[in-house]
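Each remark here refers to the structure printed beneath this line.
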Amino acid sequence: MSVTDLGMPAFPAAADRSTRDTRLRANLRYATHTIRDKRARAVGELADWAQLRAAGRAIKDRTLRHLDHYLERLEEAVSAAGGQVHWAADAAEANRIVTRLVRATGEREVVKVKSMATQEIGLNEALAEAGISAYETDLAELIVQLGKDRPSHILVPAIHRNRSEIRDIFRSEMGDWGRPAPEGLSDRPAELAEAARLHLREKFLRAKVGISGANFMVAETGTLVVVESEGNGRMCLTLPETLISVVGIEKVVPSWQDLEVFLQLLPRSSTAERMNPYTSMWTGTSDGDGPRTFHLVLLDNGRTDTLADTVGRQALRCIRCSACLNVCPVYERAGGHAYGSAYPGPIGAILTPQLRGTASELDASLPYASSLCGACYEVCPVAIDIPEVLVHLRERVVEGGKVTRRGVKTVIRPAKGHAAERAAMRAAGFAFDRPGVLRAGQRLAARTRKLHPRRLPGPGRAWSDTRDLPSVPAESFRDWWQRTRGAERGGHEGGAE
């Protein structure tokens, strides 16, 4: 379990604040619409996109069904190629392993490739507590780090910042982290990128330890793969003497043939490119080429528990393309910080409650951070049915039930604050099972509709504070059908029941 964002308010409270930030909403709207329009054009170029999507889903499902086999095969291949494999059951163990490995080198600085897994476990904070400085080298991650901020998007962590804000951050903060920003720095993208390049170059040349994640791991050869657009990752993967990669166990694929499918799906869905400008692959260590020492830390941190859930496990197919964020109306308005997790947006709303559980108010609220419009499922390159998992997790929050925690099957209690919802659903179930009761209720509601309040009282107030209550029609569909068509059917409602 990650400790990175514990203490965050529940999603409704956080979203209530973020939706009032007009600058944030303008930044998000511009960025998400631009990315998704480009993606649509890139995907439209491939006549067999649907077949590729189905293949990606099938490969992921097959791998997850035999995950133990492929992980053992991966460990053997990495070890045979000169790497060292470490297994981390949770975030705390992963942080201890990485801290120990860095300390063993005698270094107190590391450079990092953009990595969702290290954000998930709070690695930067753990290293800082051990007196080790971790420098982010991805441009957007650098902006977030210099601004003492948190990422708000999977692909573009600083999507909530505009150019003038980035310029101000570079001017005020770069000098405290290394090479200062050039005098007279403007907000032109080329100048901002050049300032970042000059700032980072000295760190690349000085660093002896690099830390990365990986987009994919190929079990048959022990090869790790990182795809990126800037080239900073390749600098981190090749220049340091020691490389430590922290990777979730679900990132393994069986073979190079399987990898080929994802190298088509990922770039078009994430950056709307036909292929990534930089695709770096490494297998263990090689004399005179790249790091002399390679460590692979395989991270569980709730993934095997998620795998035990036959509905929720499909979240582990995710290849972190962020396409679901860019089409989500909730994310576009609330922003990534409201999710209180390294994984924002629709995928975060189903992945985080499974990795961390639903015990906290924040995590229990995430399955409700959706309109269930289904746009996320339509764009997912590996066909994760996010709405299905959201409804599944909502049932878990409201009803409790059987789950797996740290490999042990257990029964959790319903989350607090959902008693009224449970009562309403049971009442609805009772009425829908009894046509006479339902018909009487509809007629009573129609006859008293002028007395209905515009806002719900009690627990329902939170719902109606941001929505208009739908008006009750003068008569129900059943009564209308009986009045207008009943005579044609001999006065019987028949199928209208």
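Note on residue 186/residue 452: beta-carbon distance plugged into 1/(1 + (r/R0)^6) with R0 of 51 Å gives a FRET efficiency of 0.30.
Quick one: if the Förster radius is 30 Å, what FRET efficiency do residue 428 and residue 378 give, using the C-beta to C-beta distance and rounding to 0.05? Walk me through the numbers before you get to the answer.
Details: r = 29 Å, r/R0 = 0.96.
The computed FRET efficiency comes out at 0.55.
Once the cut-off is 16 Å, how many percent of the Cα-Cα pairs in the stretch 208-266 end up in the long-distance tail? Result: 47 percent of Cα pairs exceed 16 Å. Placing a label point 7 Å from the Cα of residue 176 along the Cα-to-Cβ direction, the residues of the stretch 133-169 whose backbone N falls under 11 Å of that point are 146-149. Over the Cα atoms of the stretch 335-382, each weighted equally, I'd like the Debye log10 I(q)/I(0) at q = 0.14, 0.32 Å⁻¹, rounded to two decimals. Per q value, in the given order, log10 I(q)/I(0) is -0.32, -1.25.
How large is the Kirkwood hydrodynamic radius of the stretch 358-424, in angstrom, based on all distinct alpha carbon pairs?
13.2
In the stretch 386-437, one over the average inverse separation of all distinct C-alpha pairs is 12.7 Å, which is the Kirkwood hydrodynamic radius.
Kirkwood Rh, Cα Rg: Rg to Rh for the stretch 225-313? Numbers along the way, then the final one.
Details: Rg = 15.3 Å, Rh = 15.1 Å.
Dividing the radius of gyration by the Kirkwood radius yields 1.01.
Kirkwood's formula applied to the C-alpha pairs of the stretch 310-412 gives a hydrodynamic radius of 13.6 angstrom.
Write down, largest first, the equivalent ellipsoid semi-axes of the stretch 57-145 in whole Å, where each equals the square root of 5 times an eigenvalue of the alpha-carbon gyration tensor. If you can, show how the numbers build up before the last one.
Numbers: eigenvalues 152, 64, 31 Å².
So the equivalent ellipsoid measures 28, 18, 12 Å along its semi-axes.
Annotation for residue 462 and residue 395: the two label points, set 7 Å from Cα along the Cα-Cβ direction, are 2.2 nm apart.
Using only the Cα atoms of the stretch 129-276, what semi-axes does the equivalent ellipsoid have when each is the square root of 5 times a gyration tensor eigenvalue? Give whole Å, largest first.
Numbers: eigenvalues 177, 71, 34 Å².
Those come to 30, 19, 13 Å.
Determine the calculated [θ] at 222 nm for the chain from helices alone, applying -39500 (n - 2.57) to every DSSP H run no shorter than 4 residues and normalising by the residue count; nearest 500 deg cm²/dmol. Mean residue ellipticity at 222 nm (helix-derived): -15000 deg cm²/dmol. Unpaired cysteine residues in the chain (no second Cys Cβ under 4.7 Å): 236, 318, 321, 328, 373, 380. Take the Cβ-Cβ distance between residue 278 and residue 19 as r, set R0 to 45 Å, and report the resulting FRET efficiency rounded to the nearest 0.05. Once the sixth-power term is evaluated, E becomes 0.80.
Other residues lying with their Cβ under 13 Å from the Cβ of residue 456 contribute a combined charge of +1, Lys and Arg counting +1, Asp and Glu -1.
Relative to the longest principal axis of the chain, what angle (0 to 90°, nearest 10) does the C-alpha long axis of helix 163-177 take? Tilt of helix 163-177: around 40 degrees.
The angle between the Cα long axis of helix 49-65 and the main principal axis of the chain comes to about 80°, on a 0 to 90 degree scale.
Residue pairs exceeding 25 angstrom between C-alpha atoms, taken from 114/203; 114/402; 38/203; 38/114; 60/114; 114/208: 114/402; 38/203. Per residue, the chain exposes 47 Å² of solvent-accessible protein surface, assessed with a 1.4 angstrom probe and all protein chains in place. Which label belongs to the value computed from this structure, given these candidates for Cα extents along the principal axes in Å: (1) 90, 55, 46; (2) 88, 61, 39; (3) 78, 53, 53? So the calculated entry is the one marked (1). DSSP beta bridges confined to the chain are antiparallel in about 40 percent of cases.
Across the stretch 338-497, the fraction of Cα-Cα pairs farther apart than 29 Å, rounded to a whole number, is 40%. Placing pseudo-labels 7 Å out from each Cα toward the beta carbon at residue 471 and residue 89 gives an inter-label distance of 6.1 nm. Here the accessible area of the chain is 52 percent carbon and sulfur, with a 1.4 angstrom probe and all protein chains present. Principal-axis analysis of the Cα atoms of the chain puts helix 189-206 at an angle of about 50° to the longest axis.
The values are calculated or read from the model by the stated rules, or taken from the named source; none is laboratory data. Please read these numbers as outputs of a predicted model, since none were measured by experiment. Glycine gets a Cβ as well: all are built from the backbone with ideal geometry, and neighbour counts include every protein chain shown. For accessibility, only protein heavy atoms count, side chains too; no ligands or nucleic acids. Shrake-Rupley method; radii C 1.70, N 1.55, O 1.52, S 1.80 Å.
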